[in-house]
Amino acid sequence: MKHLSEETIMGLADKLLTPAEQEEAQAHLSICSQCCEQLNLYQSLDMMMSTENILKAPPAITNKVMQQVELHHKIMLRKANSRKTLIKFSVIMVVFMFAIIALAFVSGAGLVFETPSWVISAKEILEKLRMPRLNPIIMYGIVSVLILLFSERIIYQIRKHRLAGR
Amino acid sequence: MNKEEQNWINECLQGNTEAFRKIVDEYRNFAFTLAVRITKNEEDAEEVTQDAFVKAYTSLAGFKGDSKFSTWFYKIVVNLAMTKVRRRKPAHQCIDDIQVTIADDNEAARKADRTYYVEKAINALPEDEATIVTLFYMEDQSLNDIAAVVNLSLSNTKVKLFRARNKMAELLKTELKENIYALL
């Protein structure tokens, strides 16, 4: 006698067989104790798993998670605030700079730009290194942006450590 | 995803961290169970559960609602637990040393025995099969959801589930023989 396959028995336990397949399987089960035993085993497994499946997590998990979530939320808020402040400061600085230039032109005063000695030495070093020539104004701009970004990172890290310490 | 869950997520995204507490309470036990099944260690599972919730919170904005929230979240749990397992040698609990008395009239004792054998059978499975079988019996996870969580095709998931249940059934058969029915 050919026994039912494991797949068919599992399908029967999960009620996934078509009515025709189910009828055929049931007919076999009525005369085969071995397959019946196997079906009972799968049904027992299902019953055991469904009653004992979920473990209880330690209740302290919720508070521990919430502490970390609160900390993350505070850091993100501070970060957003410091970014806003930085953007406001940068806008004010740019407006202020343009205002001075505009005022100089309106008042008829000529703009004399005297290159500082450190820029000249930097240029010489760059020339020696065969780096592309940089306009001093662009260099000022790049250095200012780098300083602003660097300060923002330092402020963010200090705030993060302070909050974590609380 | 149900409406209540969607509301909690929206509230979290608007900055209400207390809404996340409801999500934690809802999924705490499921996540912990899944983590225990994969790491086979309660301490690691606790750590994985916490990390998974924090990661879910920090990447909540990236959840587009294409899948169920539970599927998305269980994927995080599974990935973190698998990483944990890969980083350390598997430390199986020595549950063979525990003495078990079967066919006790007391329901609590029977329940403890059932837990013992279920845990033992699951611990005998490799991590991926343990994950699939846990998700299969857990909550309302369909085979498609499970395949998405474990990052396998539907047919591969079916094969692995079939193998896992087969192994568990064989193990229970060897361990319990006719006593299995006394535990139900």
Members of the range B:47-76 found to be of a type in the set (Val, Ile, Thr) and touching an Asp or Glu at 6+ places or on another chain (Cβ under 9 Å), listed by number: B:THR71, B:ILE76
The lone exception for A:LEU17 - which of (1) farther than 30 Å from B:ALA19 by Cβ; (2) within 14 Å of chain B (Cβ to nearest Cβ); (3) crowded, with 16+ Cβ neighbours inside 10 Å it fails: (2)
Residue that is farthest from the other protein chains (Cβ to nearest Cβ) [pool: residues in the range B:72-87 that are in contact (Cβ under 8 Å) with a residue 40 or more places away in the chain and among the charged types (D, E, K, R)]: B:LYS75
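Table: residues versus (1) away from chain A (no Cβ under 13 Å); (2) modelled with pLDDT under 85.
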residue: B:ALA103; (1), (2): yes, yes
residue: B:PRO126; (1), (2): yes, no
residue: B:ILE132; (1), (2): no, no
residue: B:TYR137; (1), (2): no, yes
residue: B:ILE146; (1), (2): yes, no
residue: B:ILE180; (1), (2): no, yes
residue: B:LEU183; (1), (2): no, yes
Complete set of residues in the range B:119-128 that are surrounded by 21 or more Cβ atoms within 10 Å (Cβ to Cβ) and assigned to a helix (DSSP H, G or I): B:ALA121, B:ILE122
Residue match in the range B:37-59 (condition: among the hydroxyl-bearing types (Ser, Thr, Tyr), more than 22 Å from A:LYS74 (Cβ to Cβ) and either more than 9 Å from every other protein chain (Cβ to nearest Cβ) or surrounded by 15 or more Cβ atoms within 10 Å (Cβ to Cβ) (or both)): yes
Index of the failed condition, B:ALA109 passing every other in (1) part of a loop (DSSP other than H, G, I, E, B); (2) away from every other protein chain (no Cβ under 11 Å); (3) modelled with pLDDT under 75: (1)
Test: residue in the range A:3-15 that is among the basic types (Lys, Arg) and modelled with pLDDT under 80: yes
Failed item, numbered, when A:SER44 is tested on (1) buried (at least 17 other Cβ atoms within 10 Å of the Cβ); (2) away from every other protein chain (no Cβ under 11 Å): (2)
Count of the range B:37-71 residues which are assigned to a helix (DSSP H, G or I) and either touching a residue at least 12 places away in the same chain (Cβ under 8 Å) or on the phi > 0 side of the Ramachandran plot (or both): 20
Residue in the range A:56-65 that is within 19 Å of B:GLU170 (Cβ to Cβ), open to solvent by less than 20 Å² (accessible area, probe 1.4 Å), within 8 Å of chain B (Cβ to nearest Cβ) and without any contact (Cβ under 8 Å) to a residue 24 or more places away in the chain present: no
Residue satisfying all of: in the range A:68-87; within 10 Å of chain B (Cβ to nearest Cβ) and not aliphatic (A, V, I, L, M); farthest from B:GLU119 (Cα to Cα) among these: A:LYS74
Residue list for the range A:129-144, restricted to those being surrounded by fewer than 10 Cβ atoms within 10 Å (Cβ to Cβ) and either modelled with pLDDT of 75 or more or more than 18 Å from A:SER117 (Cα to Cα) (or both): A:LEU129, A:ARG130, A:PRO132
Any chance A:SER82 is in contact with a helix residue (DSSP H, G or I) (Cβ under 8 Å, 6 or more places away or on another chain), polar (S, T, N, Q) and touching a residue at least 60 places away in the same chain (Cβ under 8 Å): yes
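The values are calculated or read from the model by the stated rules, or taken from the named source; none is laboratory data. Small disclaimer: the values here were computed from a predicted structure and weren't measured. Note that each Cβ is placed from the backbone with ideal geometry, even for glycine, and that neighbours are counted across all protein chains shown. Heavy atoms of the whole protein, side chains included, go into the accessibility calculation; ligands, DNA and RNA do not. Shrake-Rupley method; radii C 1.70, N 1.55, O 1.52, S 1.80 Å.
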